[in-house]
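Just below is one structure, and these are the notes that go with it.
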Amino acid sequence: MSTPQKFDAHGFAHAHVARQRPRAHRLHQLRDAALEAASLGYFVIPLWPESKVPAMHRETRCPGRGDCAHGHRGWEARATRDLETICRWWDAAPLNVGIAAGRSGLHVLDLDAAHGEQAPAQWHGCRDGTDVLARVAARAGARPPTDTRTVRTPTGGSHLYFQAPPSISLRNTVARVGWRVDSRGDGGFVVAAGSWREEGWYELAVDAPVRPMPLWLIPRLRPPAFPPASTSIVHGARPSLSRRRAYLTTVEARVTAAEPGTRHDVLLRSAYSLGRLVGGGDLAEDEARNSLLGATSRWPGSPSRKDIRTIDDGLTAGIRHPRKLAS
Ligand SMILES: [Zn+2]
């Protein structure tokens with residue numbers, strides 16, 4: 001008897017059997033996924049069940065106790081490979097597993113599917129991030145990297161793991177390499193193999209050693225020397241914590257107060273406006289996401305999966321239209 005399968009643009013088959021909801025015993029699978037990542041030398045963080053949102057408080061909600069007794073420590077600082085801590089966290093709940101990319105010495109390329117969209121003119125003929133990377137490689141006279149550790153995401157994307165170059169700091173990028181090609185480095189995390197979301201599992205697709213970052217890729221991941229002509233982003237210091245907090249509080253209040261029937265629109269618009277600040281470098285992505293999640297959590301039955309998707313959609317769209325917090 002055959003298993004129903006679907007194939008993506010590159011012929012990868014996704015067995016529907018992998019799309020079952022986690023049961024109680026999946027608690028152990030998720031804990032094992034965290035232990036596995038730590039055994040590879042990676043620093044892990046807990047993500048809320050079925051999500052890619054860090055299960056840790058953010059700076060604007062810091063209780064100032066425990067791990068934060070001497071000042072707030074964000075998810076990146078609290079990421080761990082301590083086996084006892086991991087067992088304590090993952091025995092408590094079926095948490096997804098995040099890998100702090102930069103802290104683990106990794107820079108991970110995130111090749112996304114088209115999700116029904118056509119490539120912009122510049123990338124005409126490309127079906128998805130994998131095609132775009134192949135084209136970028138060809139222009140550099142190189143072959144696209146295929147023999148490094150790779151994780152398939154449940155929405156048809158691929159995470160290609162590379163050793164971060166030792167001498168420079170590479171932060172997260174959004175569409176800098178090209179359409180549907182993002183990356184996670186210093187200040188970023190990826191969802192590890194063995195994690196589960198509504199759409200399915202994150203699965204190890206290429207079980208190879210993590211290769212050094214190809215040299216031709218490094219300049220394409222670095223920030224541009226000048227801001228792109230289409231935006232007016234001025235690279236400078238982040239606004240103060242109190243400015244960011246005031247902005248977030250305003251947005252949260254708007255989301256919390258949204259009447260039933262308007263909530264989807266208000267949440268999408270709020271996520272979009274925060275996403276723009278993320279794109280401009282004034283907010284961290286998880287700071288924006290946690291802020292919105294916190295605001296929706298006061299709605300009955302929320303945050304629902306639809307809310308989480310709305311937040312993702314709004315942030316992603318906003319990041320592509322960056323702006324700075326107005327002065
Ligand atoms: Zn704290």
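Accessible area per residue for the range 91-234 is 45 Å², calculated with a 1.4 Å probe on protein heavy atoms, without ligands, DNA or RNA. Start at zero, step by 5 Å, and the Cα-Cα distances of the range 241-319 spread as 3, 18, 32, 27, 14, 5, 1 percent across the bins.
To put it simply, the accessible area of the chain at a 1.4 Å probe is 53 percent carbon and sulfur. In the chain, the calculated helix contribution to ellipticity at 222 nm averages -10000 deg cm²/dmol per residue, counting -39,500 (n - 2.57) for every DSSP H run with n ≥ 4.
The listed residues HIS70, HIS264 rank as HIS70, HIS264 when sorted by accessible area, largest first, using a 1.4 Å probe. When Rg and Dmax are taken over the Cα atoms of the chain, they come to 19.6, 64 Å. Taking amide H as placed 1.01 Å from N in the peptide plane, the amide H of GLY98 sits under 5 Å from that of ILE45, LEU47, ALA192, each at least 5 places away or on another chain.
Here the range 113-160 and the range 208-223 have alpha carbon centers that stand 15 Å from each other. Annotation for the range 237-327: trypsin sites (Lys or Arg not before Pro) lying in DSSP loop with at most 13 further Cβ atoms inside 10 Å of their Cβ are ARG298, ARG320.
The values are calculated or read from the model by the stated rules, or taken from the named source; none is laboratory data. Given the structure is predicted, the values throughout are model-derived calculations rather than measurements. Backbone-built Cβ (ideal geometry, glycine too); neighbour counts: all protein chains shown. The accessibility values were calculated without ligands, DNA or RNA, using every heavy atom of the protein model including side chains. Shrake-Rupley method; radii C 1.70, N 1.55, O 1.52, S 1.80 Å.
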